[in-house]
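What follows is calculated from the coordinates using simple rules that are stated; it is not laboratory data. Keep in mind the model is a prediction, meaning the values are calculated, not measured. Glycine also receives a Cβ, built like all others from the backbone with ideal geometry; neighbour counts cover every protein chain displayed.
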Amino acid sequence: MSDTWVISDTHFNDEPLLGFFDVSGSLIRSFDSVKQMNEAMLDKWADTVKVDDIVYHLGDVVCGEDQSEWLAANFAKLPGKKRLVIGNRDNPKTLLPYFEHIMMWEVNFPKLLLSHTSQHPDTIAQKSRFSKQSILNIHGHIHSNPSPEGPYRCVCVEHTDYTPVNIDELMKHLD
């Protein structure tokens, strides 16, 4: 198994998110408190990722006030060499000390396009023609909602049992 992992939309400390509903009317996250949610995600990450593994976080890491203090006390201790694709809720200045690399839009991984939001089908088709192989867009942003039809796979924590996903598992979804 590869030593590369992907996760998206952890939204650590995002208490308002606990009251959001998906399109079917179900709670997006069914935790009793933000502390319980944070601990569940921190534990699952720590149980899955090893110190020398690489983790691509596809955005929306942490929300709320005192982000720097929480990141230093909690996120910094998580194993793995962290890389970030900026999400719409991320503050790069705050997150810079906790990531080896920060990218604005996307990462071209062999046969995979890693991005915060799902990319337009024309973008995926163009990259597939350029690389002469099928491309799967691994993305976040949509939480518990389904990915668009086609070459898309959502790795928002609501889709992954709040656990990073191994890149080899994602490669299995290529046609």
Quiz item: So how do TRP70, TRP45, TRP105, TRP5 line up by other beta-carbon neighbours within 10 Å, fewest first?
Solution: TRP105, TRP70, TRP45, TRP5
Self-check item: Charge dipole (debye, nearest 20) of region 1-86; +1 at Cβ of Lys and Arg, -1 at Cβ of Asp and Glu
Solution: 280
Quiz prompt | Most positive-pole-ward Cα, HIS159, HIS116, ILE142, against dipole of the chain from beta carbon charges | solution = HIS116
Practice problem: Among GLY80, SER131, GLY64, pick out the residue whose Cα is farthest towards the positive end of the charge dipole of region 4-171, where Lys and Arg carry +1 and Asp and Glu carry -1 on C-beta, about the Cα centre. | Solution: SER131
Quiz prompt | Number of Lys pairs (Cα under 12 Å; 8 or more positions apart or on different chains) in the chain | solution = 6
Exercise. Taking amide H positions as placed in the peptide plane 1.01 Å from N, state which residues far from MET103 in sequence (5 or more) or on other chains have amide H under 5 Å from it.
Key: LEU84, VAL85, ILE86
Quiz item: In nm, to one decimal, how far is the LYS77 label point from the HIS173 one, both placed 7 Å along Cα→Cβ?
Solution: 3.1
Self-check item: Estimated vicinal HN-Hα couplings, Hz - region 47-62 in sequence order (Karplus 6.51, -1.76, 1.60; Gly, Pro = x)
Solution: 6, 9, 9, 9, 3, 8, 5, 9, 10, 8, 9, 8, x, 6, 6, 9
Exercise. Quick one: order THR48, THR94 by neighbouring beta-carbon count within 10 Å, fewest to most.
Key: THR94, THR48
Quiz item: What is the fewest-to-most order of MET104, MET37 by other Cβ atoms lying within 10 Å of their Cβ?
Solution: MET104, MET37
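So, counting K/R as plus one and D/E as minus one, what does the shell of residues with Cβ under 13 Å around GLY19 add up to?
Net of charged neighbours comes to -3.
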Practice problem: Starting from the Cα gyration tensor of the chain, take the square roots of the eigenvalues, sort them a ≥ b ≥ c, and report rounded, prolate or oblate (rounded when a/c is under 1.5, otherwise prolate if a/b is larger than b/c, else oblate). | Solution: prolate
Exercise. Would you kindly state the longest site-free stretch of the chain, with sites defined as GluC sites (Glu not before Pro) in a DSSP loop (not H, G, I, E, B) surrounded by at most 14 other Cβ atoms within 10 Å?
Key: 1-64
Practice problem: Could you please state, rounded to a whole Å, how far the C-alpha centre of region 147-166 is from the C-alpha centre of region 44-73? | Solution: 17
Quiz item: What ³J(HN,Hα) values, in whole Hz, does the Karplus curve 6.51 cos²θ - 1.76 cosθ + 1.60 give for region 8-23 when θ = phi - 60°, with x put for Gly and Pro?
Solution: 8, 6, 5, 6, 3, 6, 8, 4, x, 4, 5, x, 8, 10, 8, 5
